[in-house]
Amino acid sequence: MTRPAESRRIVLLGSTGSIGTQALDVIGNAPDRFEVAGLSAGGANLERLAAQAVRYRAPFVAVSSAAAEPELRARIEAAWPVGEPLPNVLCGASATEELAALDCDVVLNGVAGAQGLRATLAALNAGRTVALANKESLIAGGPLVLDAAAPGQLVPVDSEHSALAQALRSGSPDEVKRLVLTASGGPFRGRRRDELSHVTPEQALAHPTWAMGPLITTNSATLVNKGLELIEAALLFGVDYSRIDVVVHPQSMVHSMVEFIDGSTLAQASPPDMRLPIALALAWPNRVRGAAAGMDWTVAHSWTFEPVDHISFPAIEAARSAGVAGGCAPAVFNAANEELVSAFHAGACRFLDIADIAGQILQLWLGTEHGAAGNPRDVADVEEAEFWARRHAAAAVRASAGH
């Protein structure tokens with residue numbers, strides 16, 4: 001019997017979000033395997049952050065909003081056990097980045113959006129294992145992140161990439177024919193393009209399977225999320241884009257597959273529960289007993305697979321073209337999408353505009369001297385490309401509203 005790994009000290013970035021709260025469930029249910037070394041959040045839910053700090057006795061707590069410091073300290077002090085040393089509180093724009101470099105075993109980056117890039121790089125440069133739920137940081141800063149990461153230092157948290165990592169254990173790299181990412185299809189699976197003209201934000205947030213934050217949930221509705229996952233898979237596993245496919249699997253039981261050169265395909269299957277890939281990422285390469293419920297094989301199951309409708313959902317192929325182009329193109333596509341998702345939820349653009357305009361801005365970037373500039377030299381290059389994309393996305397939204 002394999003001996004359990006020693007307890008690991010975890011720094012959790014984005015602790016009040018969906019990934020963060022589920023990660024704390026995993027940590028709380030396996031106190032012999034994990035302990036909290038630090039927590040961070042943006043500051044939108046100080047009550048939850050303070051409660052987490054108290055419950056898990058976090059020695060370090062970070063909040064991105066400097067203005068939130070007095071309230072956070074007051075909430076923690078009010079509930080902290082008398083006589084125990086209070087945690088160190090870090091506040092301000094660089095607080096999450098500072099926490100990411102803290103002495104620990106694993107940094108789980110659950111920050112939403114491209115803002116997680118600096119934290120990912122800080123953790124990698126400090127020599128920490130990074131459990132990556134913030135796919136946008138890898139997508140936006142791909143060359144920078146890959147240059148900073150030692151072999152095995154990046155561990156995926158997304159259920160699809162966790163599934164691929166598990167299946168890839170069964171063969172050598174030269175035995176892999178292709179990777180197959182599965183997509184639930186989101187709330188609008190099966191709808192024609194003309195049926196998506198009047199989708200509301202509320203409808204876009206009604207995901208049939210997963211409970212996630214608004215950005216990722218909207219990205220799942222447009223299938224932008226699957227496009228970003230395609231880029232992430234290519235970067236994480238070093239597989240060419242021509243050997244990565246996407247298939248729609250509405251039941252979300254098979255989380256992705258690897259096809260080998262002999263015709264064999266290995267799939268990882270489990271009920272849709274993020275605690276399983278989170279636990280595996282925190283303990284990698286070991287498993288955590290009872291991390292999530294397994295399949296009930298005593299009842300009948302029907303699983304279906306179908307091709308992606310690229311006319312109604314053009315985002316996957318747009319993302320593929322960004323990945324193939326490389327450089328800052330994925331950062332541009334991702335940043336434009338984030339700007340457009342915000343505009344959609346503000347009522348400033350239509351659902352279909354999100355993927356359409358993001359794709360147009362990507363092509364505009366590739367048609368300029370920027371597109372031929374090669375890999376970014378540093379984070380400033382990435383942020384400059386993102387600013388360019390957001391500015392053009394905002395201008396496109398204004399132009400669309402004027403018609």
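The rows are residues; the columns are (1) surrounded by 17 or more Cβ atoms within 10 Å (Cβ to Cβ); (2) closer than 23 Å to LEU282 by Cβ.
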residue	(1), (2)
GLY43	yes, no
VAL63	yes, yes
ALA74	no, no
ASN88	no, yes
CYS91	yes, no
SER94	no, no
GLU97	yes, yes
ALA100	yes, yes
Taking ALA335, is it under 24 Å from the mean Cα position of the chain (by Cα), assigned to a helix (DSSP H, G or I) and either of a type outside the set (Gly, Ala, Ser) or more than 30 Å from ALA30 (Cα to Cα) (or both)? yes
Does VAL130 fit the bill of being within 17 Å of LEU102 (Cα to Cα) and either surrounded by fewer than 22 Cβ atoms within 10 Å (Cβ to Cβ) or at pLDDT 95 or above (or both)? yes
Residues in segment 134-147: is at least one among the acidic types (Asp, Glu) and more than 18 Å from ILE278 (Cβ to Cβ)? yes
Show the residue pairs that are 6+ apart or on different chains and have beta-carbon atoms under 8 Å apart, the first residue being within segment 292-318 and within 30 Å of ALA279 (Cα to Cα), the second being β-branched (Val, Ile, Thr) and part of a loop (DSSP other than H, G, I, E, B). ILE316/VAL308
Let me spell it out: the conditions are (1) in contact (Cβ under 8 Å) with a residue 24 or more places away in the chain; (2) assigned to a helix (DSSP H, G or I); (3) within 21 Å of SER137 (Cβ to Cβ); (4) out of contact with any helix residue (DSSP H, G or I) (no Cβ under 6 Å at 6 or more places or on another chain), and GLY327 meets all of them except one. Which number is the exception? (2)
Is there a residue in segment 304-317 that is assigned to a helix (DSSP H, G or I), of a type outside the set (D, E, K, R) and either within 30 Å of GLY374 (Cβ to Cβ) or at pLDDT below 95 (or both)? yes
Against the conditions (1) out of contact with any Lys or Arg (no Cβ under 9 Å at 6 or more places or on another chain); (2) surrounded by fewer than 18 Cβ atoms within 10 Å (Cβ to Cβ), where does GLN52 fall short? Just the number, please. (2)
If a residue has to be within 17 Å of ALA100 (Cα to Cα) and either modelled with pLDDT of 95 or more or of a type outside the set (S, T, N, Q) (or both) to count, how many in segment 35-73 make the cut? 17
Please pick out the residue among ALA395, ALA399 that is out of contact with any helix residue (DSSP H, G or I) (no Cβ under 6 Å at 6 or more places or on another chain), farther than 18 Å from ALA325 by Cβ, modelled with pLDDT under 95 and assigned to a helix (DSSP H, G or I). ALA399
Does LYS177 count as under 30 Å from LEU266 (Cβ atoms), among the charged types (D, E, K, R), at pLDDT 95 or above and not in a helix (DSSP H, G or I)? yes
Condition test on PHE305, is it touching a Leu at 6+ places or on another chain (Cβ under 6 Å), surrounded by 13 or more Cβ atoms within 10 Å (Cβ to Cβ) and closer than 22 Å to VAL180 by Cβ? no
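The values are calculated or read from the model by the stated rules, or taken from the named source; none is laboratory data. Since we're looking at a predicted model, the values are computed, not measured. Cβ coordinates were reconstructed from backbone atoms using ideal geometry, including for glycine residues, and neighbour counts include every protein chain displayed.
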